[in-house]
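Right, one structure below, let's go through it.
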2 protein chains.
Amino acid sequence: MRFTTSTSIEYPTGTPSRPSHLRQSNARTLLRLLRENSPCSKADLVRLSGLSAPTVSSAVTYLESLNLVENLGDGESSGGRPPEMLRFNATHGYVAGVDIGGTRLRMVLADLNGRIVTQWATQFTEKQRTPKAVCGLIHDGLKMMCQDASTSLKKVLHITVGAPGVTNVNSGVVLSAPNLRDWNDVPLRSMIEREIGTEATVENDTNLAAVGEQWRGSASGIENFIFIALGTGVGAGIFLRGHLHHGANWSAGEIGYSAVHGQPRRTIEVHQTGQMERSIGGLGIEAEWQKLLARERRSTPELAKLRATEIFDLAVDGDRLAIQVVNSTSQILTDCIVEMSLVLDPEVVILGGGVGSHPELCRGTEKLLAHNEFARPQVRSSSLGTQAQLHGAIFLSLTATEARLLA
Amino acid sequence: MRFTTSTSIEYPTGTPSRPSHLRQSNARTLLRLLRENSPCSKADLVRLSGLSAPTVSSAVTYLESLNLVENLGDGESSGGRPPEMLRFNATHGYVAGVDIGGTRLRMVLADLNGRIVTQWATQFTEKQRTPKAVCGLIHDGLKMMCQDASTSLKKVLHITVGAPGVTNVNSGVVLSAPNLRDWNDVPLRSMIEREIGTEATVENDTNLAAVGEQWRGSASGIENFIFIALGTGVGAGIFLRGHLHHGANWSAGEIGYSAVHGQPRRTIEVHQTGQMERSIGGLGIEAEWQKLLARERRSTPELAKLRATEIFDLAVDGDRLAIQVVNSTSQILTDCIVEMSLVLDPEVVILGGGVGSHPELCRGTEKLLAHNEFARPQVRSSSLGTQAQLHGAIFLSLTATEARLLA
DNA sequence: CTAAATTTGTTAATAAACTTTACAAAGTTT
DNA sequence: AAACTTTGTAAAGTTTATTAACAAATTTAG
């Protein structure tokens, strides 16, 4: 260090602005405007951006040279020389989304407008659930989808993978995934990047579902909401001030371990199913149903093996015991929502997952929440259903790609 | 709308980058570097910023013309021409912080480095607690402080006011403040701005305390933490990903209404003290203490009127009943922290407020949390104590001012 | 004690990016 | 067919940055 007079300065820290930054910044602005307003003319871009015509012209030439913009030829005149219509070239590249489920692998391929162009899925065999095998399957699926979309693997710019477990998004490591045996500290991102040669993001699947619902689902445009996934497992995706919230140890939203009102207090242990999950997870709901059946001596093999959603369906038909199950589930869920709302004050709570998206549960929860004067967010069912994760994955891939299109 | 060929485009949306933006951006960068590294020379700024020497020279001249930077004269040579030392002119302006408490008004004045130069406080009389009277008191206090600091009211660039209630920070309206009679939908910001003629920010006092602890207290440098204020009231400041979280209706952190494990479920009503507050607020702790005293026939007038912190002090001395009070309070607090941690996964929880900052409570809570395998944030006592709000207010004022110094 | 080296800072020349002005191109309206 | 409107480009001028050259002031070395 050459510095001597002052105490101690570390070099360098600044981010100098140079004339070339203007070009970059304006190119980015124009590309964004083009993506939001395709097709449009240069004159439109002049009006939209506030830049001068020569600048727009030069930037568009630059974007065309990168193959990011295509010229569609003359448009309709509005009283003068007809405009040359421009369009963002959505097939300049593609992005992929992957959902690693407990029993199957699902994938989608989308263009740079986020339009899904093809999809692929496969059931796991037991052996295929190792991290290494999953990477191979993803590679296979990607190749199949590229073929189907008549494109090449090289044009896939980013791939986002949803894993059913606690995930360090920065490092791309799946820290733990209870439903996937031996998935602990799996460096999934680097494995995929090495296997496929494409930049990757790894996220928790429930977080992806939340992003999906925010992008083009029930939480569209909402800045503060909680996505609650009720299925075999119970978890939440926390979306605050327009962004996912992960927490200090990537475990935000692990509400399966939350306490249930009226049940004894417990300590939190990783390898034990949480109290909330045991109560309102799919298995918990079915257990409650069986208990009630037994108590009322109505148990038959057929009734006893009903799944949670089927029990809810019975409630819609007016079955007294099933209604009781819906009510107790709704009550526990409501307590959970109230506690979260007091802390976070979300605008909306989205109920998703195989069990959670059942409309009867939404209705029951809404009714109970209405008793409160506040801590009373809107409750909505997931509108993307099982596709939410995949849409969220596409969104994150698009976001990651955006910065790289003009880098 | 002149646009006809495409479906519909609204003008204008862009943010064009022009050469003058470079100057602005670089001036801002250099000012920031100067604030972080005062005193330093132009040559240092060249190295820190990565900009060329002529650019730095020209920008510094500009900053000097605005009186934002002062030249201290020659520094010590390090083997060549001695550098001209530059310093950010922290007395170019001042910022103020205000805390509206239940019984008193406290204010501080700080320079643009955030150094507190003077303070002022007054007890409220009953009549002085109306919004209008409070604005007058703030005006008086500000004038006193300016006199004390030998500066003028015109040099006060921003004032941040903490109010003990739910506050809409965008509009500057205090929506409700249970401890201040008739404070409902008070447009405090515009009232202060009109009275004093200075740009103002209004925030919830607990949120300000959280900001203060993050800036120069127990949460220094922590991106995700929860500040829990335990006093007569119970509330939390939620600090996530480096920013305060307010929620959709400005009521995030209202955990005084949270349910207490083992107590019957209740609906949430605004004008009724919350369950959590009734249990571990100062009054709740004192009631519990009196109950235990009565049960053990130890009640004396002297013991019965002890305040919560004094009861905790007795526990430190080994008093069995007092220890019991600490334990039950810690247990309820721990349950609350665990539930929040499952949702938010904070790195740290700061205990503050008159009751909460008692070290015995921190110790008890830490011990109980240690039983968990996760949902186990660090627990720390507030290090700024009753000053936390004021420091937070100064920080927010500085942040608001920063953008305006070069506008 | 003087000359060389070092560090700081300014001036002059050059480059990049934007804007304004002028104008060409290609329609519609009168 | 002439006038008007809209789109788009070319040329000239402005702003801001950089590099290169140099001046100023001190330390170091012979």
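Points to keep in mind about this one:
- Using a 7 Å Cα-to-Cβ projection, A:Val316 label spacings across copies, nm, ascending: 6.2
- DSSP beta bridges in the protein assembly as shown [antiparallel fraction, %, rounded to 5]: 65 percent
- Judged by the ratio a/c of the largest to the smallest principal axis of the C-alpha gyration tensor, segment A:162-265 counts as oblate, that ratio being 1.5 or greater while a/b is no larger than b/c.
- Chain B: DSSP helices with Cα axial extent of at least 30 Å and average Kyte-Doolittle hydropathy no lower than 0.5: B:320-344
- Residues B:Arg404 and A:Arg181, FRET efficiency given R0 of 56 Å [Cβ-Cβ distance, rounded to 0.05]: 0.45
- What separates the Cα centres of segment A:287-336 and segment A:252-268 is a distance of 22 Å.
- Scaled to the globular estimate 2.2 N^0.38 Å, the Cα spread of chain B, given as radius of gyration, is 1.17.
- Rounded to the nearest 20 debye, dipole of segment B:33-93 from Cβ charges on Lys, Arg, Asp, Glu: 140 debye
- Occluded residues from segment A:325-358, i.e. those whose accessible area drops by 40 Å² or more once the chain is not alone (1.4 Å probe): A:Glu339, A:Leu342, A:Val343, A:Leu344, A:Asp345
- Segment B:131-182 and segment A:176-223 have Cα centres lying 46 Å from one another.
- Gyration tensor verdict on segment B:288-407 (Cα atoms; rounded if a/c is under 1.5, prolate if a/b is larger than b/c, oblate otherwise): oblate
- Cβ-placed point charges (K, R +1; D, E -1), dipole of segment A:220-383 about Cα centre in debye, nearest 20: 360 debye
- Accessible surface buried at the A:B interface totals approximately 6500 Å², computed with a 1.4 Å probe on protein heavy atoms.
- Average accessible area per residue (Å²) across segment B:297-407 - probe 1.4 Å, nucleic acids and ligands excluded: 43 Å²
- Stretch gain in nm, segment B:Arg87-B:Ser299, where the contour uses 0.36 nm per residue and the Cα spacing is subtracted: 70.0 nm
- Here chain A is treated with +1 on each Lys and Arg Cβ and -1 on each Asp and Glu Cβ, and its dipole about the Cα centre works out to around 580 debye.
- Antiparallel content of DSSP bridges confined to segment A:220-383, in %, to 5: 45 percent
- With 10 Å² as the minimum drop in accessible area between chain alone and full protein complex (1.4 Å probe), the qualifying residues in segment B:63-96 are B:Glu76, B:Ser78, B:Met85.
- Protein accessible area in segment A:220-383, 1.4 Å probe - carbon and sulfur %: 48 percent
- Per-selection Kirkwood Rh - segment B:221-383 (Cα, Å, 1 d.p.): 16.2 Å
- With its label point defined 7 Å out from Cα along the Cα-to-Cβ axis, A:Arg87 lies at 6.4 nm from the matching points of the other copies, in increasing order.
- With contacts taken as Cα pairs under 8 Å and at least 6 residues apart, segment B:221-383 reaches a relative contact order of 26 percent.
- Inter-copy label distances for A:Gly221: 4.3 nm (label point placed 7 Å from Cα along Cα→Cβ; shortest first).
- Carbon and sulfur %, accessible surface of segment B:65-121 computed with the full protein complex present, 1.4 Å: 41 percent
- Surface accessible to a 1.4 Å probe, per residue, for the residues of segment B:156-282, Å²: 36 Å²
- Going from the chain on its own to the full set of protein chains, segment A:22-54 has these residues losing 40 Å² or more of accessible surface (heavy atoms, 1.4 Å probe, no ligands, DNA or RNA): A:Leu22, A:Asp44, A:Arg47, A:Leu48.
- For chain B, the antiparallel share of DSSP beta bridges with both residues in that region comes to about 65%.
- Of B:Gly141, B:Ser381, B:Gln263, farthest towards positive along the dipole that unit charges on Lys, Arg, Asp, Glu beta carbons give chain B: B:Gly141
- Dividing the summed helix terms, -39500 (n - 2.57) for each DSSP H run of n ≥ 4, by the number of residues in the protein assembly as shown produces a 222 nm estimate of -13000 deg cm²/dmol to the nearest 500.
- Computed P(r) (all Cα pairs; the protein assembly as shown; 20 Å bins; percent): 14, 38, 37, 10, 1
The values are calculated or read from the model by the stated rules, or taken from the named source; none is laboratory data. If you're wondering where the values come from, they're calculated on a predicted model, not measured in any experiment. Heads up, the Cβs are rebuilt from the backbone with ideal geometry, glycines too, and the neighbour counts pull from every protein chain shown. Only protein heavy atoms, including side chains, enter the accessible area calculation; ligands, DNA and RNA are left aside. Shrake-Rupley method; radii C 1.70, N 1.55, O 1.52, S 1.80 Å.
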